[in-house]
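The values are calculated or read from the model by the stated rules, or taken from the named source; none is laboratory data. Since this is a predicted model, take the numbers as computed values, not measurements. Cβ placement follows ideal geometry from the backbone for every residue including glycine, while neighbour counts extend to all protein chains displayed.
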Amino acid sequence: MKNTTKLHSKLLIAAVISMLLVACKSTPMKSAFPADDRALPAAADDRALPIAADDRALPDSSDIKGTVINGSTSSNMSELNDPDNILSKRNIYFDYNSDAIRVEFRPNIEAHAKFLQEHGAAKVMLQGNADERGTREYNLSLGQRRSVSVKKALNILGVSDSQIETVSYGEENASAYCSFNSDNCYQQDRRVEIVYPNE
Amino acid sequence: MHIFRLVIFLVVGLFSFAANAALDIEITGGGAQQTPIAVVPFSGNKSVKHDMEKIISDDLYRSGLFRSLNTQGMASWPTNVSEIKYAEWAALQAQAVVMGNITPLPGGQFKASYQLVDVFKQQLLAAGDETFKAKHVRLAAHKIADVVYEKLTGHPGTFASRIAYVKKLGARHYLYIADSDGYNPQALVNSSEPVISPAWSPDGSKMAYVSFEKKKPIVFVHTLKTGSRKIVANYKGNNSAPAWSPDGKKLAIVLTYGANSQIFTINATGGGLKRIARSRGIDTEPVFSPDGNWIYFTSDRGGRPQIYKIRATGGGRVSRVTFNGAYNASPRFSADGKMLTYIRNDGGQFKVAIQDLASGQVQLLSTGGQDESPSFSPNGRVVLYATKKGLRSSLASVSIDGRVRQSLSEARGDVRESAWGPMLK
């Protein structure tokens with residue numbers, strides 16, 4: 001038996017109204033949707049956001065107040081981004097469910113170790129990633145284990161802990177287009193990205 | 001425990017033509033027996049600008065346990081039990097009839113009085129009223145539907161509840177809260193960076209979640225009513241997988257202080273960091289048992305991810321909970337603490353499992369693929385989870401007897417990270 005019911009509500013209208021409410025007390029609004037071009041303070045931490053208190057303009061569930069977050073852009077450090085320089089190669093790839101560093105990525109890690117030792121003020125963020133198979137939180141942990149694996153390799157090459165932070169994006173940056181069990185595609189997602197936050 | 005009879009239904013195409021649709025809910029499988037029910041138009045609908053009977057009958061229909069009868073051709077529409085002509089409704093083959101009327105109250109409020117009758121016994125089964133502001137008319141209708149559902153099925157209804165989910169549309173990540181029927185979706189977070197692992201506070205007033213807005217996972221607690229957001233865990237490395245203690249005072253979280261993910265508790269307002277478990281492997285996805293005594297979690301300390309439990313105060317013996325299957329993860333409890341739902345890798349397919357904790361009996365409820373983030377409805381009768389069809393992710397739900405299935409998707413964007421919240425007061 002197969003029945004179908006469609007229950008539609010006015011997402012756009014509700015979203016636009018709430019965005020208008022969010023925006024009207026902070027910055028002028030250029031376009032209602034999508035929200036990319038608006039400039040609310042990014043990462044509003046633990047402050048109550050400046051959101052209009054009048055909820056009568058909203059439909060039923062107007063007892064919910066949201067927030068809009070936009071990322072920041074960054075400048076460049078040429079040595080790190082010169083495509084002819086090995087330092088521009090920022091991805092270390094891994095086998096399925098593994099955090100072992102393959103021999104082929106050794107020169108790459110050595111180059112970043114050298115750079116970090118020569119630039120004592122430079123800091124590096126090692127962002128671990130996993131393919132989409134499995135649960136998000138487990139994959140977050142797996143990506144972390146990969147980033148720690150790269151960190152240990154840098155440590156052995158003499159890079160100080162104070163220059164390194166390890167984090168994981170788990171499967172959040174995984175490609176949406178890997179069909180199930182297509183390992184060539186998944187391979188791209190199983191990686192640690194070497195990121196210089198101040199670039 | 002019900003005897004498990006998995007009914008496999010063909011996946012229904014979920015393409016929606018409505019550009020402004022929110023969550024589309026589609027029933028892909030119904031109960032074996034559906035009670036025919038007539039919900040008569042409420043008198044006074046115009047005053048609240050909503051057809052309350054439509055909201056009620058849609059709720060009942062979506063449960064998969066009811067067949068809503070068309071009342072348009074009926075000679076009369078009773079608005080209370082004294083007006084009903086039982087023979088007319090017996091002729092329509094209605095087993096039960098819901099009727100009601102709405103009256104305005106001073107101060108802009110309204111009162112919906114309703115009655116539920118058994119047509120064959122010619123008996124009043126339930127009567128009551130809901131007082132509400134106009135903007136809460138849908139909630140009032142859901143509460144009436146909950147009474148009807150409970151009287152006719154013996155289980156509490158869960159229509160007056162909300163769900164949380166994450167939608168990715170283009171480069172934006174939204175954490176939405178919507179009513180259980182998909183209406184009133186509101187973005188709690190609209191971010192350029194990922195948001196995962198929403199967790200409702202036990203009273204439904206707050207949401208803990210993980211946001212990557214500072215280029216790393218950090219745990220926030222967001223108060224729904226005020227919009228105030230507080231960072232409760234921003235330690236070195238990852239901060240993730242928040243889970244509330246039943247009294248709402250603590251959060252179990254996962255930190256990667258050293259190397260591997262390990263489980264800690266903190267105060268729900270931040271601080272008070274305490275280590276709970278210690279392992280050389282990954283420990284993650286903690287969840288408190290409803291009695292508050294235990295934390296269940298996923299760990300690969302035995303080689304592959306399995307579910308374990310430890311005293312919520314930390315330390316002591318860690319014991320294993322799942323024994324079959326090479327990958328069991330993401331445990332969540334039913335509110336009565338009797339059932340656990342989690343994700344099992346069954347031959348390369350990630351499926352929703354439920355386990356009766358007393359007997360240890362396990363049932364696989366979904367046909368699999370890449371199912372994730374299961375959570376029980378407040379009455380423990382349904383599991384909501386995230387699934388993937390082709391390249392698109394959406395939500396799905398299944399009753400614990402495997403019979404009633406729904407698909408919940410948005411017309412655009414990927415929907416995932418579902419979490420069913422507590423009942424609305």
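Could you check residue B:217 against (1) surrounded by 24 or more Cβ atoms within 10 Å (Cβ to Cβ); (2) facing another protein chain (nearest Cβ under 7 Å); (3) under 26 Å from residue B:143 (Cα atoms) and say which number it fails?
It fails just one condition, (3).
Listed here are the residues, each with its yes/no results for (1) of a type outside the set (S, T, N, Q); (2) within 9 Å of another protein chain (Cβ to nearest Cβ).
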{"residue": "A:138", "(1), (2)": "yes, yes"}
{"residue": "A:141", "(1), (2)": "no, yes"}
{"residue": "A:145", "(1), (2)": "yes, yes"}
{"residue": "A:148", "(1), (2)": "yes, yes"}
{"residue": "A:157", "(1), (2)": "yes, no"}
{"residue": "A:160", "(1), (2)": "no, no"}
{"residue": "A:167", "(1), (2)": "yes, yes"}
{"residue": "A:170", "(1), (2)": "yes, yes"}
{"residue": "A:176", "(1), (2)": "yes, yes"}
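Output yes when any residue across the stretch B:46-55 is in contact with a His (Cβ under 8 Å, 6 or more places away or on another chain) and either basic (Lys, Arg) or not assigned by TED's automatic domain parsing to the domain that holds residue B:395 (or both), and no when none is.
Among the residues of the stretch B:46-55, at least one is in contact with a His (Cβ under 8 Å, 6 or more places away or on another chain) and either basic (Lys, Arg) or not assigned by TED's automatic domain parsing to the domain that holds residue B:395 (or both), which makes the answer yes.
Can you tell me which of B:386, B:335 is under 16 Å from residue A:134 (Cα atoms), at pLDDT 95 or above and within 15 Å of the chain's Cα centre (by Cα)?
Sole residue among the options that is under 16 Å from residue A:134 (Cα atoms), at pLDDT 95 or above and within 15 Å of the chain's Cα centre (by Cα): B:386.
Any residue at all in the stretch B:399-406 that is polar (S, T, N, Q) and out of contact with any Lys or Arg (no Cβ under 8 Å at 6 or more places or on another chain)?
no
I'd like to check something: does the stretch A:103-116 contain any residue that is under 15 Å from the mean Cα position of the chain (by Cα) and at pLDDT 95 or above?
no
Going through the stretch B:234-250 one residue at a time, which ones are free of Cβ contacts under 8 Å to residues at least 40 places away in the same chain and either part of a strand (DSSP E or B) or not assigned by TED's automatic domain parsing to the domain that holds residue B:314 (or both)?
B:239, B:250
Based on what the data block shows, is residue A:154 assigned to a helix (DSSP H, G or I) and surrounded by 15 or more Cβ atoms within 10 Å (Cβ to Cβ)?
yes
Run down B:189, B:166, B:148 and say which single residue is at pLDDT 95 or above and farther than 20 Å from residue B:377 by Cβ.
Just a single option satisfies the conditions, and that option is B:189.
Which one of these is in the same structural domain as residue B:245 (by TED's automatic domain parsing), modelled with pLDDT under 95 and either closer than 23 Å to residue B:196 by Cβ or in contact with a Phe, Trp or Tyr (Cβ under 6 Å, 6 or more places away or on another chain) (or both): B:303, B:325, B:347, B:368?
Of the residues listed, the single one that is in the same structural domain as residue B:245 (by TED's automatic domain parsing), modelled with pLDDT under 95 and either closer than 23 Å to residue B:196 by Cβ or in contact with a Phe, Trp or Tyr (Cβ under 6 Å, 6 or more places away or on another chain) (or both) is B:368.
Does the stretch B:70-83 include one or more residues that are outside the structural domain of residue B:175 (by TED's automatic domain parsing), surrounded by fewer than 13 Cβ atoms within 10 Å (Cβ to Cβ) and of a type in the set (Ser, Thr, Tyr)?
yes
Considering only residues of the stretch B:191-209 that are farther than 14 Å from residue A:67 by Cβ and within 8 Å of chain A (Cβ to nearest Cβ), which is surrounded by the fewest Cβ atoms within 10 Å (Cβ to Cβ)?
Looking at the filtered set, the residue picked out is B:194.
Would you confirm whether or not the stretch B:358-367 contains a residue that is free of Cβ contacts under 8 Å to residues at least 60 places away in the same chain and within 25 Å of residue B:208 (Cβ to Cβ)?
No, every residue in the stretch B:358-367 fails to be free of Cβ contacts under 8 Å to residues at least 60 places away in the same chain and within 25 Å of residue B:208 (Cβ to Cβ).
Could you list, in sequence order, all residues of the stretch B:341-383 that are in a loop (DSSP other than H, G, I, E, B) and of a type in the set (A, V, I, L, M)?
B:357, B:358, B:365 - these are the residues of the stretch B:341-383 that are in a loop (DSSP other than H, G, I, E, B) and of a type in the set (A, V, I, L, M).
Out of the residues in the stretch B:350-365 that are in contact with a Phe, Trp or Tyr (Cβ under 7 Å, 6 or more places away or on another chain) and within 14 Å of another protein chain (Cβ to nearest Cβ), which is surrounded by the fewest Cβ atoms within 10 Å (Cβ to Cβ)?
Restricting to residues being in contact with a Phe, Trp or Tyr (Cβ under 7 Å, 6 or more places away or on another chain) and within 14 Å of another protein chain (Cβ to nearest Cβ), the top hit is B:353.
In a strand (DSSP E or B), on the phi < 0 side of the Ramachandran plot, at pLDDT 95 or above and within 9 Å of chain A (Cβ to nearest Cβ): which single residue out of B:263, B:231, B:253, B:295 fits that description?
Of the residues listed, the single one that is in a strand (DSSP E or B), on the phi < 0 side of the Ramachandran plot, at pLDDT 95 or above and within 9 Å of chain A (Cβ to nearest Cβ) is B:231.
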